Structures are given as structure tokens and as C-alpha cells.
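First comes the structure, then the notes that go with it.
Here, each number is a calculation from the coordinates, and none is a lab measurement. On a predicted model such as this, the values are computed, not experimentally measured, just so you know. Please note: Cβ atoms are built from the backbone with ideal geometry, for glycine as well, and neighbour counts cover all protein chains shown.
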């Protein structure tokens, strides 16, 4: 039976911010941004057009989605009994493996996207879930 969880909203907010920053850096030119753009067939001109058309709202809704993920992850981390950073990170990894990695593979199988693009996109979610799980486990 699932236990009732007291949610520390500050922990959820910080976990979401950390995950969001990881995603920002992950898709920057510092890490995988250039390769991601190439594999996604996105050029700088298209990004500049998106900025003019309201990239702010896309960023906002992506953050809301990340916030929701952190909130749900808190419930799973608590119900798994994870109380250390390692336990929380492992919970994030198992959830990623069971739900994210498996559903995102469809982009390769059905959409014909390159496997490298899958690795970049799924890897970003994995890194975020590891960080969020660790934060949410220790910050009860």
C-alpha cells in the first residue's frame, strides 16, 4: 500500500531547477547542443525564429513539466524508502529505465530518428532524474 507522503515543496522546486539547469547545459554547445541540433535538423536560424515566436512559453511549459516530474518522483522516492542520495539516484535510474528509456525508443523505431539523438535526449532525462532522485531522497 502506498504511504501518504509529506511533500517538501522547496525540495521539489530545487530538484526541478537542478534538472532544468542540467538540461540547459546538456543541450548547450558545451556538451551536446551542436550534435543535437544537427541530428534534429535544427539550425541556428530556426532557433532565432523560435525566439521571436515565443520560446519563453516553451521554456515555461518545459519547466512546469519538469516540476511535475519532480513532484511525482518525490512520491516514488518516499514510497521506495530511499533516504540517501544513492538510493534516490537509483530510484531515478530505475524509473528512467522502465518508463523513459522504453517509451523514448519509439523515436528511433517509428519516427526514424537517429539512435544518437535518442541517446542525447534520453541521456538528458536520465541525468535529470538521477539528480532529482538524489535531492528528493535526502531533502525529506
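The C-alpha atoms of the chain define a longest principal axis, and helix 9-26 lies at about 30 degrees to it. In the chain, the longest principal axis of the Cα atoms and the axis of helix 44-79 are about 20 degrees apart. The equivalent ellipsoid that matches the C-alpha gyration tensor of the chain spans semi-axes of 29, 18, 12 angstrom, in descending order. Computed over the alpha-carbon atoms, the stretch 1-46 gives an Rg to Rh ratio of 1.29, Rh here being the Kirkwood radius from the mean inverse distance. Normalised by residue count, the stretch 1-82 yields a Cα convex hull volume of 124 Å³ per residue. What angle, in degrees between 0 and 90 and rounded to the nearest 10, separates the Cα long axis of helix 85-95 from the longest principal axis of the Cα atoms of the chain? Here the helix axis deviates by roughly 60 degrees. Extension gain for the segment residue 48 to residue 30, taken as residue separation times 0.36 nm less the Cα-Cα distance, is 4.6 nm to one decimal. Fewest-first ordering of 59, 120 by other beta carbons within 10 Å of each residue's beta carbon gives 59, 120.
Rg ratio for the stretch 48-112: its Cα radius of gyration over 2.2 N^0.38 Å, N being its residue count, equals 1.48. With each label modelled as a point 7 angstrom along the Cα→C-beta vector, the residue 105-residue 68 pair spans 2.5 nm.
Taking every C-alpha pair closer than 8 Å and separated by at least 6 residues, the mean separation divided by the residue count of the chain gives a relative contact order of 42 percent.
Label positions at residue 116 and residue 6, each projected 7 Å from the Cα along the C-beta direction, are separated by 5.0 nm. With both labels modelled 7 Å from their Cα along Cα-to-Cβ, the residue 93 to residue 21 distance reads 2.3 nm. For the chain, modelled as a Gaussian network with Cα springs under 10 Å, which listed residue fluctuates most, 11, 70, 58? Result for the chain, Cα springs under 10 Å: 58 fluctuates most.
Using a Gaussian network model of the chain in which every pair of alpha carbons under 10 angstrom is joined by a spring, one finds that among 13, 109, 31 the greatest mean-square fluctuation is at 109.
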